[in-house]
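Engineer: Dumping the structure here so I can ask a few things about it.
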Amino acid sequence: MGEFGCPQFQRLGERYPVLEKLQKVSIVPLVFLIFYEVSGGPFGIEDSVHAAGPLLAILGFLVFPVIWSIPEALITAELGTMFPENGGYVVWVSSALGPFWGFQQGWMKWLSGVIDNALYPVLFLDYLQSGLPQVAGGLPRASAVLGLTVVLTYMNYRGLTIVGWLAVVLGVFSILPFIVMGLVSLPELRPSRWLEVDLRNVDWNLYLNTLFWNLNYWDSVSTLAGEVDDPAKTLPKALFYAVILVVVGYLYPLLTGTGAIPVDRESWTDGYFSHMARTLGGVWLTWWVLGASALSNMGMFVAEMSSDSYQLLGMAERGMLPEFFSRRSRFGTPLIGILFSASGVLLLSWLSFQEIVAAENFLYCFGMLIEFFAFVRLRMKYPTASRPYKVPLGTVGSILMLVPPTLLILVVLALSSLKVAMVSLVALLMGFVLQPCLKYVERKRWLRFSIRPHLPHLGATQDENAVESLMPAVLAVSRI
């Protein structure tokens, strides 16, 4: 394709003047955006101890990153630098399998992301109610969810750079109380407590869902790749540092809590870390942990909403959604995508923590299976295409790398309850109906659909050389 030198491409800044003024996201904010898209700190890992006891919880957060998080991060680094544009995994799947499956991937991932985001007001209020029991239910709780959603949605509206540096500040504040808690717990630490296990009393469904939820979503950052400064170098480094930060951020508090206090598994539920802080440090540490929880949930909310809304923008730029989804505010943010994502959060925030996690994981599993297949397909279809970062394994090695996480996905799906499975399957089928409906609307010209001029046409070529010729142009555009 020779469209990159045409007048239409040269007028890109003229058609999208706001893009020329946007400040790209650098590596430090990007690390903390990934941190919040995946983790946000140890809030939410309590159910791993509740379900399986200290030893299996600790082993889970040691082994699970190796068989799940690292492969997903490696795939994101390779494909995110191969296609450094907003839309991320939607573009990967579209390139490998065609636009229909690209749309299905976008639908599943957006829906699971919105479900995930509905969780953070719930977690925030679960922690807050130990200090303010008034928000435990009823109108005060509903009002708190609405107010929190509105405030955090406005932060997303103001710009991704603001969100990125906000994530840095929130991340530091959220991590510090657990470092202090670990230090004050040293005199009480009993390493033998880490070895407690009762294999006859393990809730495997809750255990695996908790691990899975706390260690996935590494690919979410790919939908922001078009907003990253020099993504070919920045994205792989940010993912590497974020993996370390996330794993240490889970294990350190887990070792502190299970080693310094006699383990009562029934107590390890949402909000337990504030109780642990009161036992080890007193009231001052309790309020610090409560504040860290609040800020952590704020960080996770704004990071996830950024990813979800830019995904919709990227899909609109590819012509998969109506053009109005690609419109940016005066701050360069995807206004319509933000409003859609916020509406979904409000509609789903009445669900319980466990219901949200189970439904989200089920949808996410299907999306990851498609993503794994697309990764292998692109390796086989375009083996010599430009990849600024490439997983240091051949095609066979890459397939073998994906065997453990694929088996894990099948186990998570098999352990899902019938209710979660049925609701999730209905949601999946909605995507099969929605995509043809949107194509019909496009044919009838009831809404405008268009493809941004600088983007390569994913189906325009069938040979490797054409794909290779597109990659430098896409990389150059990503630095505008």
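The values are calculated or read from the model by the stated rules, or taken from the named source; none is laboratory data. For clarity, every value in this text was computed on a predicted model and none was experimentally measured. Reconstructed Cβ throughout: ideal geometry from the backbone, glycine too, with neighbour counts over all protein chains shown. The protein model used for the area step is the full one, side chains on, heavy atoms only, and it has no ligands, DNA or RNA in it. Shrake-Rupley method; radii C 1.70, N 1.55, O 1.52, S 1.80 Å.
Matching residues to (1) surrounded by 15 or more Cβ atoms within 10 Å (Cβ to Cβ); (2) touching a residue at least 40 places away in the same chain (Cβ under 8 Å):
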| site | (1), (2) |
| --- | --- |
| 182 | yes, yes |
| 187 | no, no |
| 198 | no, yes |
| 207 | yes, yes |
| 213 | yes, yes |
| 218 | yes, yes |
| 221 | yes, yes |
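Engineer: When residue 134 is evaluated against the numbered criteria (1) touching a Pro at 6+ places or on another chain (Cβ under 6 Å); (2) over 27 Å from residue 404 (Cα atoms); (3) open to solvent by less than 10 Å² (accessible area, probe 1.4 Å), which criterion, by number, is the only one it fails?
Structural biologist: Residue 134 satisfies all of (1) touching a Pro at 6+ places or on another chain (Cβ under 6 Å); (2) over 27 Å from residue 404 (Cα atoms); (3) open to solvent by less than 10 Å² (accessible area, probe 1.4 Å) except (3).
Engineer: May I ask you to say which residue of 209, 205 is of a type outside the set (Lys, Arg), more than 20 Å from the chain's Cα centre (by Cα) and in a helix (DSSP H, G or I)? Give the steps one after another, and end with the answer.
Structural biologist: On the way: 209 fails: more than 20 Å from the chain's Cα centre (by Cα).
After applying the criteria, what remains is 205.
Engineer: Let me ask another. Just one of 207, 252, 241 is aromatic (Phe, Trp, Tyr) and closer than 26 Å to residue 78 by Cα; which is it?
Structural biologist: Answer to the check: 241.
Engineer: Just checking, how many residues over the stretch 123-134 are in contact with a helix residue (DSSP H, G or I) (Cβ under 6 Å, 6 or more places away or on another chain) and assigned to a helix (DSSP H, G or I)?
Structural biologist: Residues in the stretch 123-134 being in contact with a helix residue (DSSP H, G or I) (Cβ under 6 Å, 6 or more places away or on another chain) and assigned to a helix (DSSP H, G or I): 6 in total.
Engineer: Checking residue 89 against (1) under 23 Å from residue 315 (Cα atoms); (2) hydroxyl-bearing (Ser, Thr, Tyr); (3) surrounded by fewer than 23 Cβ atoms within 10 Å (Cβ to Cβ), only one condition comes out false. Which one?
Structural biologist: Condition (3) is where residue 89 drops out.
Engineer: Have a look at 441, 420, 433 and point out the one that is assigned to a helix (DSSP H, G or I) and modelled with pLDDT under 85.
Structural biologist: Only one candidate qualifies: 420.
Engineer: While we're here: Can you spot a residue in the stretch 294-304 that is farther than 30 Å from residue 108 by Cβ and β-branched (Val, Ile, Thr)?
Structural biologist: No; the residues of the stretch 294-304 include none that is farther than 30 Å from residue 108 by Cβ and β-branched (Val, Ile, Thr).
Engineer: Filter the stretch 228-244 down to the residues that are under 17 Å from the mean Cα position of the chain (by Cα) and surrounded by fewer than 18 Cβ atoms within 10 Å (Cβ to Cβ), then identify the one that is farthest from residue 84 (Cα to Cα).
Structural biologist: Within the stretch 228-244, the match that is farthest from residue 84 (Cα to Cα) is 244.
Engineer: Another one. Tell me, which residue of the stretch 306-332 that is within 30 Å of residue 175 (Cβ to Cβ) and in contact with a Leu (Cβ under 7 Å, 6 or more places away or on another chain) is surrounded by the fewest Cβ atoms within 10 Å (Cβ to Cβ)? First the steps, then the outcome.
Structural biologist: Initially, the stretch 306-332 is screened for residues within 30 Å of residue 175 (Cβ to Cβ), giving 306-311, 331-332.
Cutting the leftovers down to in contact with a Leu (Cβ under 7 Å, 6 or more places away or on another chain) gives us 306-307, 310, 332.
Details: 306: 31, 307: 28, 310: 28, 332: 18.
Top of the filtered list is 332.
Engineer: Next up: Pick from 337, 299, 344: which is touching a residue at least 40 places away in the same chain (Cβ under 8 Å) and either acidic (Asp, Glu) or touching a Ser or Thr at 6+ places or on another chain (Cβ under 9 Å) (or both)?
Structural biologist: Numbers: 337 fails: touching a residue at least 40 places away in the same chain (Cβ under 8 Å); 344 fails: either acidic (Asp, Glu) or touching a Ser or Thr at 6+ places or on another chain (Cβ under 9 Å) (or both).
Just a single option satisfies the conditions, and that option is 299.
Engineer: Among the candidates 362, 331, single out the residue that is of a type outside the set (Val, Ile, Thr), at pLDDT below 90 and over 18 Å from the mean Cα position of the chain (by Cα).
Structural biologist: On the way: 362 fails: over 18 Å from the mean Cα position of the chain (by Cα).
Every option except 331 fails the conditions.
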